Amino acid sequence: MFNLLNTMENLLIAFKLFGSLALLIFGMKLMSETLQKMAGPQLRHILGRMTTNRFTGMLTGMFVTAAVQSSTATTVMTVSFVNAGLLTLAQAISVIMGANIGTTLTAWIMSVGFSFNITDVVWPCFVIALLLIYSKRHESVGDFLFGICFLLLGLGTLRQTGVDMNLGENEAVLSFFSSFDPNSFLTTLIFLIIGGVLTMCVQSSAAVMAITMILCSSGALPIYQGIALVMGENIGTTVTSNLAALTASTQARRAAFAHMFFNLFGVVWMLILFRPFINMVCGIVGFDTEMARGAVDESVFLANAAKLSVVLATFHTCFNVCNTAVLIWFIPQIEKIVCRVIKSKKTKDEENEDSDEPVRLKYIDGGLVRTPEIAVLQAQKEINLFGDRMQRMFSMVQTLLEEKEDEPFKKLYGRIEKYEGISDNMEIEIATYLEHVSDAHLSDDTKAKIRAMMREVSELESIGDACYNMARTLNRRKNEKHDFPEELYERIREMMRLTDKSLTQMNVVLKGRREDLNMKQTFDIEKEINTLRTDLKERNIEDVNEHRYDYGIGTAYIDLIRECEKLGDYVVNVVEAKLS
């Protein structure tokens with residue numbers, strides 16, 4: 001009976017341990033997502049614009065990470081920006097360096113949480129958060145406060161669970177850690193590897209840091225092994241961004257690898273200065289590294305051990321600050337190293353869109369971990385590319401109009417067919433991506449942008465359909481051996497010139513900032529297209545009645561004019577969606 005009760009008690013403690021870790025991770029996730037929802041557009045502008053040099057990039061990464069409480073979120077944002085071509089590799093490296101400093105704030109929050117029973121302040125905060133959520137007006141603030149409450153509740157429960165486990169008096173735990181020689185370099189490496197593997201498994205350095213603080217504060221884990229675990233966490237956390245970038249662009253993979261290189265370099269020089277550096281940190285905090293259990297009163301030993309959470313937080317900060325201070329001067333050299341390790345490798349479809357291989361999206365990839373507020377930027381870059389492809393497709397139609405030889409005509413017509421398939425696939429893939437992103441917590445501004453983007457991709461696909469319809473009309477004319485008179489060629493060319501002008505203006509709008517643009521030029525071109533269409537239709541009726549060419553040629557000619565006019569309407573719709 002006693003054994004059963006003992007087993008149930010241990011099981012309950014284990015559930016408390018994992019449950020509190022789950023609360024901790026969920027709280028951080030909720031805080032991060034809510035902050036991105038509230039300040040998503042501002043975060044995008046900060047990351048996109050405050051990276052003019054290595055120092056502003058580093059400070060940006062540091063403050064953004066401290067705000068969203070997740071270096072993983074900042075790193076994935078940065079990798080996404082590089083993947084979307086919004087940041088250079090050098091800028092990304094400086095932001096990632098800053099993110100490593102910003103993430104140390106998490107350790108300090110945990111350190112405070114382990115210093116006293118922080119759950120005492122949580123319960124009133126839960127009530128306030130609930131009232132804010134139901135007020136609707138401050139719902140996001142309530143969500144953020146809930147995230148903080150869950151984080152603090154997780155920390156408080158974790159601290160109490162550590163006390164209940166009596167790790168400092170557990171013979172099995174003590175004998176396990178004492179089996180490692182504290183002065184051995186091999187022991188340091190083993191704990192470093194354990195820290196890295198644990199972080200890779202749980203995908204949260206915060207969770208592993210919390211476990212480390214429990215073990216150290218209870219006196220079960222010596223400080224040197226605890227810091228080796230923290231160093232391992234720094235390496236393990238880089239796996240997230242590298243996994244995120246596996247199927248991304250070459251530059252995005254390089255940014256992720258630079259993150260790993262930065263942390264690996266730091267761990268290497270730290271291993272060289274391991275003991276002196278830790279002793280310096282312990283001196284700053286006032287922790288006695290020589291104090292051993294049994295040599296002094298138990299209460300004195302535990303009071304000294306209680307400082308270990310502060311030692312770990314201080315070490316984490318000092319380590320990342322020193323590492324950044326050294327490496328920030330060598331960003332160009334780091335860039336060269338990662339470029340040598342990860343060489344540029346273009347896929348067949350990137351080199352030649354006319355190959356038989358399916359054309360993949362360039363900036364969006366399902367393998368890349370998405371930060372919802374940032375994902376819209378990748379989608380916008382993809383839409384910009386979509387617009388360029390549709391103008392290229394229309395240029396092919398213009399060339400097809402002039403082509404007289406059968407073989408080149410067939411080849412070009414085949415390319416246009418291929419582009420029609422590309423437009424269909426791009427619409428589906430971008431729309432599907434945006435649907436997935438819209439399921440997340442988003443700001444109202446971002447929701448509106450996603451709705452506008454969905455309309456943009458639909459209208460761009462319609463442009464592809466219009467181009468293909470024109471190509472089919474020209475193909476029928478070719479097969480039926482009915483050629484246009486030269487005067488009709490001139491009229492079609494004039495209409496196509498205007499249509500191409502409207503496509504050029506559309507792409508200017510797609511790539512520009514909404515605040516800097518207006519619809520006047522697009523509407524002016526559309527009016528010209530409509531006026532010309534009306535004039536050409538009237539002249540066509542007169543020409544057919546006067547038997548200048550037969551009705552069949554007139555029908556094919558007007559089909560081309562109508563499709564150009566429809567294409568102009570689709571262009572207006574795209575611009576309206578962008579500027580709405």
Can you find a residue that is outside any helix (DSSP H, G or I), more than 21 Å from residue 548 (Cα to Cα) and small (Gly, Ala, Ser) anywhere in the stretch 438-453? yes
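Does the stretch 474-490 contain any residue that is closer than 24 Å to residue 378 by Cβ, in contact with a helix residue (DSSP H, G or I) (Cβ under 7 Å, 6 or more places away or on another chain), open to solvent by 20 Å² or more (accessible area, probe 1.4 Å) and at pLDDT 90 or above?
Of all residues in the stretch 474-490, those closer than 24 Å to residue 378 by Cβ come to none.
Looking for residues that are closer than 24 Å to residue 378 by Cβ, in contact with a helix residue (DSSP H, G or I) (Cβ under 7 Å, 6 or more places away or on another chain), open to solvent by 20 Å² or more (accessible area, probe 1.4 Å) and at pLDDT 90 or above, one finds none in the stretch 474-490, hence no.
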Kindly indicate whether residue 517 is open to solvent by 30 Å² or more (accessible area, probe 1.4 Å), within 34 Å of the chain's Cα centre (by Cα), modelled with pLDDT under 85 and of a type in the set (A, V, I, L, M). yes
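Considering each residue of the stretch 488-523, count those that are in contact (Cβ under 8 Å) with a residue 12 or more places away in the chain, of a type outside the set (A, V, I, L, M, F, W, C) and in a helix (DSSP H, G or I), and give that number.
Count: 15.
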Which condition does residue 481 not pass, out of (1) on the phi < 0 side of the Ramachandran plot; (2) of a type in the set (Lys, Arg); (3) in a loop (DSSP other than H, G, I, E, B), if it passes all the others? (1)
Of the conditions (1) modelled with pLDDT under 90; (2) touching an Asp or Glu at 6+ places or on another chain (Cβ under 9 Å); (3) polar (S, T, N, Q), residue 391 fails just one. Which one is it? (1)
Before we move on, is residue 575 of a type outside the set (Gly, Ala, Ser), surrounded by 20 or more Cβ atoms within 10 Å (Cβ to Cβ) and either under 36 Å from the mean Cα position of the chain (by Cα) or more than 19 Å from residue 467 (Cα to Cα) (or both)? yes
Identify all residues within the stretch 529-554 that are hydroxyl-bearing (Ser, Thr, Tyr) and exposed (fewer than 15 other Cβ atoms within 10 Å of the Cβ); write none if there are none. 531, 534, 551
Report, ordered by the first and then the second residue, all pairs with beta carbons closer than 6 Å, sequence separation of six or more or different chains, a first member in the stretch 254-283 that is within 18 Å of residue 309 (Cα to Cα), and a second member that is among the hydrophobic types (A, V, I, L, M, F, W, C). 278/227; 281/315; 281/318; 282/311
Segments classed as helices (runs of 4 or more DSSP H), wholly inside the stretch 208-299, with at least 3 members that are touching a Gly at 6+ places or on another chain (Cβ under 8 Å), at pLDDT 75 or above and among the small types (Gly, Ala, Ser): 223-236
Positions within the stretch 438-467 being basic (Lys, Arg) and either surrounded by 23 or more Cβ atoms within 10 Å (Cβ to Cβ) or in contact (Cβ under 8 Å) with a residue 24 or more places away in the chain (or both), in sequence order: 449, 455
Part of a helix (DSSP H, G or I), in contact (Cβ under 8 Å) with a residue 40 or more places away in the chain, out of contact with any Lys or Arg (no Cβ under 8 Å at 6 or more places or on another chain) and not hydroxyl-bearing (Ser, Thr, Tyr) - does that describe any residue in the stretch 530-538? no
Give the residue that is surrounded by the most Cβ atoms within 10 Å (Cβ to Cβ), with candidates limited to residues of the stretch 387-437 that are under 24 Å from residue 505 (Cβ atoms), among the β-branched types (Val, Ile, Thr) and under 29 Å from the mean Cα position of the chain (by Cα). 430
If we keep just the residues of the stretch 306-349 that are among the small types (Gly, Ala, Ser) and modelled with pLDDT under 85, which is nearest to residue 260 (Cα to Cα)? 344
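The values are calculated or read from the model by the stated rules, or taken from the named source; none is laboratory data. Fair warning: this is a prediction, and the values are worked out from it, not measured in the lab. Cβ atoms come from the backbone with ideal geometry, glycine included; neighbour counts cover every protein chain shown. The area values use the complete protein model at the heavy-atom level, side chains included, leaving out ligands, DNA and RNA. Shrake-Rupley method; radii C 1.70, N 1.55, O 1.52, S 1.80 Å.
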